[in-house]
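Working notes, beginning with the structure itself.
Taken together, the values in this text are just the output of simple stated rules run on the coordinates, not laboratory data. Remember, it's a predicted structure, so these values are computed and weren't measured experimentally. Ideal geometry is used to build each Cβ from the backbone, glycine not excepted, and the neighbour counts take in all protein chains shown.
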Amino acid sequence: MRVAIFIFGAVGLALFPLVGGAFYLQLFAKIMVMAVFAMSLDLLAGYTGLVSLGHAAFFGIGAYALYLLTPEYAAANFWLSSLVAMGAAALASLVIGLLVLRASGVYFIMATLAFAQMFFYFATGSKLLGGSDGVSIDLRPDPAILGWTPFDLGNRVQFYYVALAAMLTTYALLRVVLRSLFGHTIQGIRASEQRMRALGYPVFRYRLAAFVLAGALAGLAGYLAAAQFGTVNPEFFGWQMSGTVLMMVILGGIGTLHGPILGAFALTLLQELMSELTKHWLLPMGIFIVLAVLLLPQGIGGLALARRKLQPEPADD
Amino acid sequence: MTEPVLRTEALSKRFGGLSAVSDVAIDLRHGEVHALIGPNGAGKSTLINLLSGAATPTSGSVRFEGREIAGLAFDRVARLGIARSYQRTTVFRDFTAFENCRLAAQARLPSSMRFIRPALSYRALVEAAQRALALVGLQGSADRAASSLSHGEQRQLEIAMTLATEPKVLLLDEPLAGMGAEESRRMVTLIATLAERHAILLVEHDMDAVFSIARRLTVMVNGRVLESGAPEAIRESPAVQEAYLGGAEAAP
Amino acid sequence: MSDGVLFFLIQILNGVQQGLLLFLIASGLTLVFGIMGIINLAHGSFYMMGAYLAFSLTELTGNLWLAILLGIPLSVAVGLALEFLLFARLYRRDHLYQVLLTYGLILIMEELRSLLFGDDVHGVAKPVFLDFSIPLTETLAYPIYRLFMSAVCLLIALMLALVIRRTRLGMTIRAGAVNREMVSVLGIDVGLVYRVVFAGGVALAAFAGMIAAPVASVYPGMGNQILIVSFVVVVIGGIGSIKGAFLGSLLIGLGETFGQVYAPAISGMTVYMLMAAVLLWRPTGLFGHS
């Protein structure tokens, strides 16, 4: 059943450029990049049980990495620079993880927020990174391999497909990981850290690994976001960014992996709709969120908690 | 007599001014059930904590297969082959019985940092989980969520989880707690069977159960060992009778 | 005294003042979390609310004192209303949902602010008799209003310490910070305690906003900045600990001030480096309970 919906959705999105106009192509591409970001946070919050309010830190690192890796009058190599960007995000999450994972519960939440802010202030105050105005990336990364250019990121339709591919790949990758020994381990840790420890699992290192994996994927999302619009600014590190992506995960359905995708679409489209209506659209948005929490404990993806039962994955669903 | 698998010497644990466990010497041998009895507050749970690495002794030693393990981290002790069950059921409520055992079996692997191969393709773990479930009689409920099992079944699952790790030592903390007559009988038979291949410490209040399967008995009162020896000798001992067996067993 | 030393002493005064102000805000945050188990992201918005109340009520009455006098009961009323409507439903919820709901609350409060007061930056005049500086040398003078702020915050801190340590309410609060379930089991009207603590926290934050307004000015987004710093204070000091909040606030206040003056390049980051250091040493804060 799940596979059927997945295929249906993927095909639908693949065909969308045939009907969608330029504005919506760009919007949907942005949404799919955010979906990668949101899925990475779901791995952390939904499956490992680590609620991070500072996940934007790694998103921003991926974005600024593209800027730093782009030579002055040329384009960066897409394959190389994206890997380096992810690596930088992974490294940062390793270092930060070593610090924040010593804290638990609320301390962890607050510490993650604070570290993201640290990056924010660093970027705001840094001349190298363009300060509070940010920087622009003149030439999109170039995916040329041995002279052949498979796609052009400056082209809206082609970027759309790159974003779609990234989203689908991330989804598939995370499904595989969640089924692996590691995946079962982190879900066990989320269910009961104490019991896992009693069983003999060294809990810290698995949490750290999840943190790093999530950070790397967030870095990829940031890289793509920077590549799409060609601008990066400190807001990429901002707590609003962290808050928005967390909202997508929770409202879409935490711990489901497809929930974040739904959440990314729903929230962004809602945002677009509401900002058409009023300059103060954050007000109905805020009210919507408050009501959603009070009335809908499990998000749009629905039955989020129930679905987290771990059964032997059947061949079909 | 076989060498003790797990033995303590002059083991003590103080919490500030309070002595929870004082100067306890106890040992567990392969193939037998060593029961630990005593009134509430005698220090039995603390002793189990000390043996399993959940607490660090204030003084004294704990030796597993000759090696000193006092002070080792909880998870290291578990990996060495000492498994404990809990008074309060701490199974993973949202997971199936099978997954509970499979996760427990997986803990024995040197590392779970594997990201690609599906966990279920590790046949050894799957089989160990199935064996553990079968040993306690839960194979029919393998695919049911732990939370949907009856209390007695959850206690059985607790035991199954300890078995799935294929330990050498089983520390059973009141496994019969809250069970009806039929369930208790099943559990007692199970423990007796398990004793054949493990060294078992059984903390229990149910005296019938204790006397039916324990090869040795240790009585603890106020953190100290009052007496230790064969069940019959303990039963006859006037000191023990006065201190403990005189009244009805104190159900928690 | 040489200018350099004097300058240094002035920074200490500034740092202490900053820290004391931060204490008012952080204490509410740490108590609400410690007693009620609720992580409230919107706490910074109460600070902002206080500042805007100070601005508008001073415009109205022409007098900062009157503004404060009117503003406090208003803030308490808002606090009680929010507790009744929203926070009372958050007690047993996962932190995740508390974070989400209070995030939504931030958005609501920011937009209400925008609707009611607009998006401009405003200033609030210092009360006339406090609007002068003590001359220290030919070039340096210290504004008396800052000393006043420090004094008031210190007074409140002492009163808070008194209530916490000497009254039954305080005892309940301290017990609740360590073990919430125990307090309700003991038959104490937990709901009442919660309401008092929450409203108190709101009032403290709002009051801080009010007295800081003449110095810090009144602008959009001011709540969020202070919120994050307050979080750092709570992490450093330990959840539920007033003592920790006090020490943490002073540490941060001094750290920020000295950072800005002597190491401006990394000034924004000193706060977080301090937090990283504490996390390495004591993951539950200086006085937190694990």
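For this structure, a couple of remarks:
- For B:G31, nonlocal amide neighbours, meaning residues 5 or more places apart or on other chains whose placed amide H falls under 5 Å from its own, are B:H198, B:A199, B:I200.
- The stretch B:1-129: C-alpha gyration tensor shape, a/c 1.5 cut-off, then a/b vs b/c: prolate
- Using the Cα coordinates of the stretch B:1-74, the gyration tensor eigenvalues translate into equivalent-ellipsoid semi-axes of 20, 15, 10 Å, sorted from longest to shortest.
- The overall shape of the stretch C:108-182, judged from the alpha-carbon gyration tensor, is oblate: a/c is not under 1.5, and a/b is no greater than b/c.
- Per residue, the convex hull spanned by the Cα atoms of chain B amounts to 130 cubic angstrom.
- The mean number of Cβ atoms from other chains found within 10 Å of a Cβ in peptide C:114-124 is 1, as a whole number.
- Relative contact order (percent, whole number), the stretch A:133-266, Cα cutoff 8 Å, 6+ residue spacing: 27
- Note on the stretch C:37-105: semi-axes of the ellipsoid equivalent to its C-alpha gyration tensor, largest first and rounded to whole Å, are 29, 11, 7.
- Exposure proxy ranking, count of Cβ atoms within 10 Å, fewest first, for B:H34, B:H198: B:H34, B:H198
- The tail of the calculated P(r) for the stretch C:1-145, taken as Cα-Cα distances beyond 21 Å, holds 57 percent of the pairs.
- Seen through its C-alpha gyration tensor, with square-root eigenvalues sorted a ≥ b ≥ c, the stretch B:56-206 comes out oblate because a/c lies at 1.5 or above while a/b is not bigger than b/c.
- P(r) tail fraction, the protein assembly as shown - alpha-carbon pairs more than 51 Å apart, %: 27
- Positive-pole candidate from C:V32, C:V229, C:S56, dipole of chain C, charges at beta carbon: C:V32
- In chain C, the longest principal axis of the Cα atoms and the axis of helix C:144-166 are about 20 degrees apart.
- Taking amide H atoms as placed 1.01 Å from N in the peptide plane, the amide H of A:T231 lies under 5 Å from those of A:I137, each 5 or more residues away in sequence or on another chain.
- What the Cα atoms of chain C give is an Rg and a Dmax of 19.0, 64 Å.
- Reduced Cα scattering model of the stretch B:92-166, Debye log10 I(q)/I(0), q = 0.19, 0.25 Å⁻¹: -0.68, -1.09
- Ascending count of other beta-carbon atoms within 10 Å, so fewest first, for B:T165, B:T189, A:T185: B:T189, B:T165, A:T185
- Short to long, the 5 Å bins of the Cα pair-distance histogram for the stretch A:121-217 hold 3, 10, 12, 12, 11, 12, 13, 12, 9, 5, 2, 0 percent of all pairs.
- Computed from backbone phi, the HN-Hα couplings of the stretch A:160-165 come to 3, 5, 5, 4, 4, 4 Hz, rounded to whole numbers (Karplus: 6.51 cos²θ - 1.76 cosθ + 1.60, θ = phi - 60°; Gly and Pro given as x).
- Calculated diffusion of the stretch A:48-95, Stokes-Einstein form, Kirkwood radius summed over Cα pairs, 20 °C and 1.002 mPa s, µm²/s: 185
- Stretchable slack from B:R14 to B:A233, in nm (0.36 nm times residue separation minus alpha-carbon distance): 75.8 nm
- Size of charge dipole - chain A - debye, nearest 20, with Cβ of Lys, Arg +1 and Asp, Glu -1, no other charges: 960
- Here, chain A has an Rg and a Dmax of 19.2, 57 Å when only alpha carbons are counted.
- Shielding score for B:140-153, defined as the mean number of other chain Cβ atoms within 10 Å: 1
- For B:V21, neighbours were defined as the other residues whose beta-carbon sits under 13 Å from its Cβ, and their charges (Lys and Arg +1, Asp and Glu -1) total +2.
- Using θ = phi - 60° and Karplus 6.51 cos²θ - 1.76 cosθ + 1.60, couplings along the stretch C:40-51 (whole Hz; Gly, Pro as x): 10, 5, 7, 4, x, 5, 5, 4, 4, 4, x, 4
- Restricting the stretch A:111-194 to trypsin sites (Lys or Arg not before Pro) that sit in a DSSP loop and have at most 14 other Cβ atoms within 10 Å of their own Cβ leaves A:K127.
- Taking C:K243, C:K126, B:K13, A:K279 and counting other C-beta atoms within 10 Å, the order from fewest to most: A:K279, C:K243, C:K126, B:K13
- Rg to Rh, two decimals, where the stretch C:1-72 supplies the alpha carbon set and Rh follows Kirkwood: 1.15
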